Amino acid sequence: MAAAPCHGYRPQGGAPLRAPLPRMRTAARQRAEASSPHGFFAPPALVSRAVGDVRGVPLPHWRRCPAARGARRGDVGAAALAAPPAGAAAPAGLRAGPRAGRALAARGAGAGPRLQLPLLKSTIADVGQYYLVRNLSVHELVAHEFIDAFVKKGSCYALTYNTKIDQDNTAALLPNGKLILSVDKDTYEELGLQGRPSQYSGKKVMRYIVTVDLTDSGFHPDSKKHNRVLWALKEKKPLEFDFLLAWYNPGAEGSTLMSYFSKNQIQALKPKITFSTLRDLECPVLQSNELQGKPDESCSTEELFEWLGAVLNQVSLNNKSSSFLSTYCCPQPNTMVEKAFLCTITGFIIPEKIIQLLEQLCCYFGEPKLAYWLTLTVHGFADSPVSWRESEHGFHKGGENLYNFVIFRNLDYWLQMAVGTNDDCPP
């Protein structure tokens, strides 16, 4: 395994990967959101790794990602891109799509059959549904009935909806059974629960992080710890939010989230899926064993990363002198692709579904192996209280947290992980 150290990565300008919201923001948010109409913001920290053969790899990064990984702005953006080498024929068909994001399959100029969109649609149709529960009290998530029915029987995910991590109280339930509360100073003092200062609150601490392990052996219904937490959240300082919820347990029987919260205002939702076609697209030439690239032979991981940001946000790659918006162009060396199909999936999508999607994308390299590489990019929610595993997440200017797989036809792959300023370097 080869790994590049975490280092500064700051392409020119751009707005964050989030839609403008009507509420007042901090000055930093307002400046960031007023930047580019394309909404492209490349995170300042990027880690690229060459991780060998994808066959049989357990993909620990997804499995360890906290609830908010599938619950941030969609584990909001996934992109899958298949691009043929120079002069190659078209791939027969893309047999998978992404999770909160985009899927792209490319066809060589004038060669090969057209990509079968129905096949792509059927492959990504089973990304699963999730739920939006209105006005749900946090104390209901620490009730032993909920813990026994969902937390201890599968992977349960929850994230507060329409809350701002740098302004509001927020909460997330991770699949490892830990409930994370990110609260302001007044709320923290009223709760009276043990926590720690936020590492991004500055010299004057105005935000605190409280972690409750719902699977702890000492957190049973008759324990002082459980009664203390329940009393704090139910009577001393009740917290109520709109929550996004998802539960993964393939062999589950009995209660479901819909039936359990039937007395609440609950709505079943499915991810939004869109398709588009990109024509005459310049794609960088890549070699799986060259992360840094070689002059006149292949492009580097950073060049690919920036190119993906431009393509997925529909930034022109023409580099015309008359353009006042962007002078960016595809890195050299590159190859022209006649058609590329882009699929975007947006929603609350859990890591298990992303793993299934990656496995299906690997099947894309079945015979004939005409595409040379493809990518799968996943963007996390900008306002999640955590990013990687249980690492605290902050917004700063954009709240970026994402990862990108570049899979080659020999089933080698690169893993790129990127975060903004208010985050620890990814593992």
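The values are calculated or read from the model by the stated rules, or taken from the named source; none is laboratory data. What you see is a predicted model; the values in this text were computed from it and never measured. Glycine gets a Cβ as well: all are built from the backbone with ideal geometry, and neighbour counts include every protein chain shown. Remember, those area values only see protein heavy atoms, side chains included, never the ligands or the DNA or RNA. Shrake-Rupley method; radii C 1.70, N 1.55, O 1.52, S 1.80 Å.
Quick rundown of the values:
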quantity: Test: residue in the stretch 109-121 that is modelled with pLDDT of 75 or more, open to solvent by 10 Å² or more (accessible area, probe 1.4 Å) and not hydrophobic (A, V, I, L, M, F, W, C); calculated: no
quantity: The stretch 216-248: number of residues that are open to solvent by 30 Å² or more (accessible area, probe 1.4 Å) and either in contact (Cβ under 8 Å) with a residue 60 or more places away in the chain or of a type in the set (Phe, Trp, Tyr) (or both); calculated: 10
quantity: Of all residues in the stretch 387-418 being in contact with a Ser or Thr (Cβ under 6 Å, 6 or more places away or on another chain) and within 22 Å of Lys164 (Cα to Cα), the one that is most open to solvent (accessible area, probe 1.4 Å); calculated: His396
quantity: Tyr372 vs. criteria hydroxyl-bearing (Ser, Thr, Tyr) and modelled with pLDDT under 90; calculated: yes
quantity: In the stretch 249-295, the residues that are at pLDDT 90 or above, within 23 Å of Thr346 (Cα to Cα), open to solvent by 60 Å² or more (accessible area, probe 1.4 Å) and not polar (S, T, N, Q); calculated: Met258, Lys270, Lys272
quantity: Residue, nearest to Ser217 (Cα to Cα), within the stretch 145-185, restricted to residues that are of a type in the set (D, E, K, R) and part of a strand (DSSP E or B); calculated: Lys178
quantity: The stretch 169-190 - residue that is open to solvent by 20 Å² or more (accessible area, probe 1.4 Å) and in contact (Cβ under 8 Å) with a residue 40 or more places away in the chain and, of those, farthest from Glu400 (Cα to Cα); calculated: Glu190
quantity: Sole exception among (1) open to solvent by less than 40 Å² (accessible area, probe 1.4 Å); (2) in contact with a strand residue (DSSP E or B) (Cβ under 9 Å, 6 or more places away or on another chain); (3) of a type in the set (A, V, I, L, M) for Ala143, by number; calculated: (2)
quantity: Residue match in the stretch 349-358 (condition: farther than 30 Å from Leu244 by Cα and of a type in the set (Asp, Glu)); calculated: no
quantity: Strands (runs of 3 or more DSSP E) contained entirely in the stretch 320-411, each with at least 3 residues that are of a type in the set (Phe, Trp, Tyr); calculated: 401-408
quantity: Flag for Asp424 being over 15 Å from the mean Cα position of the chain (by Cα) and touching a residue at least 24 places away in the same chain (Cβ under 8 Å); calculated: yes
quantity: Hits in the stretch 122-144 - residues which are modelled with pLDDT under 95, in a helix (DSSP H, G or I) and not polar (S, T, N, Q); calculated: Ile124, His144
